[in-house]
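The values are calculated or read from the model by the stated rules, or taken from the named source; none is laboratory data. Everything numeric in this text was worked out from a predicted model, so none of it was measured. Counting neighbours? That spans all protein chains shown, and the Cβs are built from the backbone with ideal geometry, glycine included.
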Amino acid sequence: MFSIDWWSLVLPFSYVAVLGGALMTFSTIYRKRKAAESANLEPWFGPHLQRNIYLSLLHLEPEEGAEKSPKIPDSVIRAALLRRAVEDIHRIIQIRTAKAACSSLLQRGSVGDDLWQRFSRAEKEMEEELRDVVMEANALAPGWGQTIFQSANEINANTILRKRLDEIQAQTESEKQWWEKRRAQIQKDFMSELDAGDKPAVSKAPSAASEDEPVLVEQNTPSATPSGGKKKKGKK
Amino acid sequence: MSSDYSYDEEGTLWPFFVFTLSGLVTLPLSYVLYKGTRDPAASFPRIKSDYRPKNADVIDATRKKDRRKENKLWLVFLVILGWSVMAYTMYLIYVTPVTVRSIWNPYDILGISESASEKDIKSIYKKLSRMFHPDKIRPDASKNETIESLNARYVEISKAYQALTDEEIRNNYIQYGHPDGKQSYSIAIALPKAMISEGNGKYVVLIYSLLFGVLLPYIVGTWWYGTLRRSKEGPLMESANRLFRQYEENIDVGGVITALSTGKECEQALKGDKADAGLAKIESRILAPGETTPFAGGLSVKDKEKLEDLESGPRRKALALLWAYLGRVDLDDDALTKSKFEVAPIAHSLTKSFTAISLAYGNTAPILASYYASQHLIQAIPPKASPLLQLPYFTPAIAKAVEGDSRTVMTVQSFMDQPDAKRRSLAVGKGLLTEDQYRTAVSIARQLPYFRVAKAFFKVAGERCIIPSSLVTLVVKGRFVPPGSESVPAIDELELEDVDAAEDDLDAILGRKKRKQIGKDEAGKPIYEADTPDEVFPPLAHAPYFARDYSPRWHVFLTDSKQGKMAVPPFTFTQFDAPIYKADGTTPSFAVQTMKAQFAAPPQAGHYTFVMNVVCDSYVGFDTKMEVTLVVEEASKAAEMAGEDEISEPDEDSIAGIMNAAKGGPPPKKKRVAEEEDSEEEEEESGTEEEVEDTSDTNTDTEPEN
């Protein structure tokens, strides 16, 4: 038997202990921080108003004093669910379009890792939300689950189209005014030109010049024409 | 030969070591420091202008502050430390006496010349041994002699004698330089003795563990987290993430400006009490009715709503300041004016990130919007405002007077292309520009680098036509024609062609600049023309309101107009191959510039029509949009076309033949006649053969739209 000098082994053992301890504390602290960070991540989408409306309609508490909760017509609940589906469609489209862009940007290092985490979480939430809506729809009317998102999609497309149309329509008033003004101006210039037509010298008002600019430019400075079209033909 | 190492005890070696080491570190650092203190923008050409906008001193101060920020204090400290270490070790080297080991020479010891004969040597040795034999002489205390030294001297003398007479010892001397044979030599490590001496060990270990246990992880950690903190384009990762959330498919320039205000950098610039001080004042100023626009800040109703939807805080203030900057709104407050000019470069740095994000989505409108936002930020012009505001002294009212009541804005080019008298009548007058101001504006307009595209076409290097999935080069030829240039020379047709380098021309293939041979001198050596600089930088953007020096970039990219999608991502050009201006720096040289971009052709044959966008990110209204058509031929067709005039078709079993087969080309035909028949049919079908033969590239040039 040989005896072991325990005292000389204190140093190596303490070294291993310190090393292991340091690594372990580092890893636990790091993981805790990561978990806290990902828990505190901002949600991708804001609060889901339509879902909240639907759920509060479904679970309406009876008013104080009243025995029963007020009866909600079926059509209202269905409309609320459809609204919820429309909002879901809107969000799912956003997620679908953003997915490819987000992953390629992440690979290139143009956006951060936490954005991707938020994104994938939102994606997962949306999947659950869709499943939930389908179940609710089936509960309200059997078989509705298959078609609710089709109608929601059409509603969504229609709203987008309407919005664009409204935007364009909103410009009509100012456009109309401008053209009125412009016509009056042109008429005035025309009349004055007719009046001055007897005289040989034709004077042009500077303000009226903007309309026939291109012609003027080409007449006077052929060398400095900006329009590539004419220049190009000359060279060929 | 001793094998154990000794340390540098006399201190003769380690100063050399330390001197070299610190020199290796200090000299490059000093160079970096020297480079940093000089203005990096000084090497760029500038547009000559003596126009000073209002608040020019504030803008200059901001510009200078940014430059100073780049000089790192720790760098200065390190350089000083390095130089002082070098000076100290140099001093040590100078002071330490050098111990020279003299070469053992028997002739010197005996005091004879090397040509002495053996007889002479013998007689001298006898004489010396009689004189210096230890038995004969007494040590002389006054000469500092002892018995030992006398003995040693005598031994030396007899050794020297033997080295010259005895055969064996003479061999030793010749071979090793010493009569005793091989001498031991020692290796000394160039570290000071103090480092390993007893008792200092713990300090050495301490320093060692501090260096490798603390400093190294710290440096690596800061570097790693520093790279994580910033996105690839430069802005903070947090800002990039926020910008990603702000992206919309149909975003316009105003929307981009609103999105840029989300950047974390804006928050950092407006910290503490700056966060919303004076916000109400800025907002009342920018939302006041402007000279020609509904709001002085130049924002649209939609942008105004977005601004008012924000919570008050740094972001809202940043956005308000940005609008104030774009609308050139006077804020009447030193602190606010300063932040107004500080916030614009920050927003501009964020546009890069936004561009990357919109490129990832691939929709044309946001990409263009982000480039336009960059232009507007550099020139301090609100979206949809007249590009004429880029010229000095122009205000919205003057621009409006020049433009008349037309709905579309007038670019600087179209303004400058009018005859001088007409321009003058539009712009000079009461309430408009004065004669002097007009002249300054025109002189600056005549220096702006407007890139006018002359021709754009596709080609594959060394091929006649473009086959599917080949590497296509988009060649854009054009000239810098500043607005209002007079007597622009016509373009030489030859310069518009892109000739492939000959196969044996290595210089051209490797991209080396070739110098033209002018003639030969008397000795027959060729004389080359003077070296022209390889890279020509365009002048720094003329942006009197932008508090940074910025070198303009040109982006060339292809889009699909039907789908509104990007087809080929942008290629960015910051330098050009021909001089833009003549030696005086203001007169344009009208040299033809070439921009080339390579991308993979579509995998199917057909005609592809793209919209080519050439966008300069520093000037408003200097963009070119034109249609280009990419004709992709079937691979088999292309092979036939090549077969028509080829001299030696690769045989099936040669390497070229195998390559041809691998590319999907048909196996070479056996009969020449059949081949010719085919090619004739071919000609009837396509009808473009001749053109193709003429220019050696698939001809797809089109005309610029504007």
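Only one of these conditions is not met by B:Met195: (1) surrounded by fewer than 20 Cβ atoms within 10 Å (Cβ to Cβ); (2) under 30 Å from B:Lys302 (Cβ atoms). Which number is it?
(2)
Consider B:Ile378 carefully, then state whether it is away from every other protein chain (no Cβ under 14 Å), assigned to a helix (DSSP H, G or I), crowded, with 24+ Cβ neighbours inside 10 Å and in contact with a Phe, Trp or Tyr (Cβ under 6 Å, 6 or more places away or on another chain).
yes
Looking only at the range B:296-326, count how many residues are crowded, with 24+ Cβ neighbours inside 10 Å, among the small types (Gly, Ala, Ser) and not in a helix (DSSP H, G or I).
Number satisfying all stated conditions: 2.
Taking the criterion of being within 34 Å of the chain's Cα centre (by Cα) and touching a residue at least 40 places away in the same chain (Cβ under 8 Å), would at least one residue in the range A:17-40 satisfy it?
yes
Among the residues of the range B:413-440, write down those that are more than 9 Å from chain A (Cβ to nearest Cβ) and closer than 30 Å to B:Thr572 by Cβ.
B:Phe415
A:Ala101 - would you say it is modelled with pLDDT under 90 and within 14 Å of another protein chain (Cβ to nearest Cβ)?
For A:Ala101, the condition - modelled with pLDDT under 90 and within 14 Å of another protein chain (Cβ to nearest Cβ) - is not met.
Does the range B:399-412 include one or more residues that are outside any loop (DSSP other than H, G, I, E, B), more than 32 Å from the chain's Cα centre (by Cα) and away from every other protein chain (no Cβ under 14 Å)?
No, the range B:399-412 has no match at all.
What tally of residues in the range B:571-597 results from selecting those that are surrounded by 13 or more Cβ atoms within 10 Å (Cβ to Cβ) and either charged (D, E, K, R) or more than 19 Å from B:Phe537 (Cβ to Cβ) (or both)?
Adding up the residues that qualify gives 3.
If we scan the range A:12-20, do we find a residue that is closer than 26 Å to B:Thr227 by Cβ, within 14 Å of another protein chain (Cβ to nearest Cβ) and at pLDDT 90 or above?
The answer is no, given that none of the residues of the range A:12-20 is closer than 26 Å to B:Thr227 by Cβ, within 14 Å of another protein chain (Cβ to nearest Cβ) and at pLDDT 90 or above.
Filter the range B:398-414 down to residues that are closer than 18 Å to A:Ile186 by Cα and aliphatic (A, V, I, L, M) and give me whichever is surrounded by the fewest Cβ atoms within 10 Å (Cβ to Cβ).
Only one residue fits best here, namely B:Ala401.
Taking the condition more than 8 Å from chain B (Cβ to nearest Cβ), farther than 27 Å from A:Ser56 by Cα, modelled with pLDDT of 90 or more and out of contact with any His (no Cβ under 6 Å at 6 or more places or on another chain), does A:Leu106 pass?
yes
Scanning the range B:455-477 for residues that are within 14 Å of chain A (Cβ to nearest Cβ) and crowded, with 22+ Cβ neighbours inside 10 Å, which turns out nearest to the chain's Cα centre (by Cα)?
B:Val476
Kindly indicate the residue of the range B:259-295 that is among the acidic types (Asp, Glu) and outside any helix (DSSP H, G or I) and also nearest to the chain's Cα centre (by Cα) among those meeting that condition.
Top of the filtered list is B:Asp276.
Residues are listed down the side, and each one gets a yes or a no for (1) surrounded by 15 or more Cβ atoms within 10 Å (Cβ to Cβ); (2) over 30 Å from B:Ser231 (Cα atoms):
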{"site": "A:His90", "(1), (2)": "yes, no"}
{"site": "A:Arg96", "(1), (2)": "no, no"}
{"site": "A:Lys99", "(1), (2)": "no, no"}
{"site": "A:Val111", "(1), (2)": "yes, no"}
{"site": "A:Glu128", "(1), (2)": "no, yes"}
{"site": "A:Arg131", "(1), (2)": "no, yes"}
{"site": "A:Met135", "(1), (2)": "no, yes"}
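Within the range A:159-181, does at least one residue satisfy the condition of being part of a helix (DSSP H, G or I), more than 13 Å from every other protein chain (Cβ to nearest Cβ) and within 17 Å of B:Gly404 (Cβ to Cβ)?
no
Is it true that some residue in the range A:28-37 is surrounded by 14 or more Cβ atoms within 10 Å (Cβ to Cβ), at negative phi and not aromatic (Phe, Trp, Tyr)?
The answer is no; no qualifying residue exists.
All but one of (1) in contact with a Leu (Cβ under 8 Å, 6 or more places away or on another chain); (2) under 29 Å from B:His542 (Cβ atoms); (3) at pLDDT below 75 hold for B:Asp8; which doesn't?
(2)
Looking at B:Tyr225, B:Tyr208 in this structure, which one is within 14 Å of another protein chain (Cβ to nearest Cβ), without any contact (Cβ under 8 Å) to a residue 12 or more places away in the chain and not in a loop (DSSP other than H, G, I, E, B)?
On inspection, the qualifying residue turns out to be B:Tyr225.
Table: residues versus (1) of a type in the set (Val, Ile, Thr); (2) assigned to a helix (DSSP H, G or I).
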{"residue": "B:Ser358", "(1), (2)": "no, yes"}
{"residue": "B:Ile367", "(1), (2)": "yes, yes"}
{"residue": "B:Ser370", "(1), (2)": "no, yes"}
{"residue": "B:Lys384", "(1), (2)": "no, no"}
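If you take the residues in the range B:230-247 that are part of a loop (DSSP other than H, G, I, E, B) and farther than 15 Å from A:Cys102 by Cβ, which one is nearest to the other protein chains (Cβ to nearest Cβ)?
Of everything passing the filter in the range B:230-247, B:Glu233 is nearest to the other protein chains (Cβ to nearest Cβ).
Taking the conditions exactly as written (at negative phi, under 30 Å from the mean Cα position of the chain (by Cα) and within 14 Å of chain A (Cβ to nearest Cβ)), does B:Ala365 satisfy them or not?
Criteria met by B:Ala365.
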